[in-house]
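A short worksheet on the structure shown next.
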Amino acid sequence: MLLWQLASQLDVDTSIISKVERGDWQLKKEQILKADVEELQTLWLADQLYNMVQGEPMADEA
């Protein structure tokens with residue numbers, strides 16, 4: 001999942017997500033609970049699939 005996609009789901013700035021990744025910031029429970037879990041899982045799975053085909057011809061189109 002791209003940083004901006006997660007930030008959009010949690011309704012926070014991308015810089016906050018970067019800080020969370022580095023351990024410099026913690027999200028509030030309310031921010032995490034309002035994320036659509038199914039959509040987050042779908043985006044994660046799409047990212048996993050892209051990593052498998054990355055570098056192949058037409059990977060971006062797929």
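The values are calculated or read from the model by the stated rules, or taken from the named source; none is laboratory data. Note that the structure is a prediction, hence the values are computed from the model and not measured. A quick note on method: Cβ atoms are made from the backbone with ideal geometry, for glycine too, and the neighbour counts reach across all protein chains shown. Ligands, DNA and RNA are excluded from the accessible area calculation, which covers all protein heavy atoms including side chains. Shrake-Rupley method; radii C 1.70, N 1.55, O 1.52, S 1.80 Å.
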Choose one of G55, V37, V20: the residue whose Cα lies farthest towards the positive end of the charge dipole of the stretch 1-58 (beta-carbon charges +1 Lys, Arg; -1 Asp, Glu; about the Cα centre).
-> V20
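Give the value in nm², to one decimal: projected area of the alpha carbon convex hull of the chain, averaged over all directions.
Averaging across all directions leaves 4.8 nm² for the Cα convex hull.
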Before anything else, pin down the relative contact order of the chain: Cα pairs under 8 Å, at least 6 apart, normalised by residue count, whole percent.
-> 33 percent
Quickly estimate the mean residue ellipticity at 222 nm for the chain, helices only: each DSSP H run with n ≥ 4 gives -39500 (n - 2.57), and the total goes over all residues, rounded to 500.
-> -18500 deg cm²/dmol
Percent of accessible area on the chain owned by carbon and sulfur, 1.4 Å probe?
-> 54 percent
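Probe of 1.4 angstrom, ligands and nucleic acids ignored: what's the accessible area per residue over the chain, in square angstrom?
82 Å²
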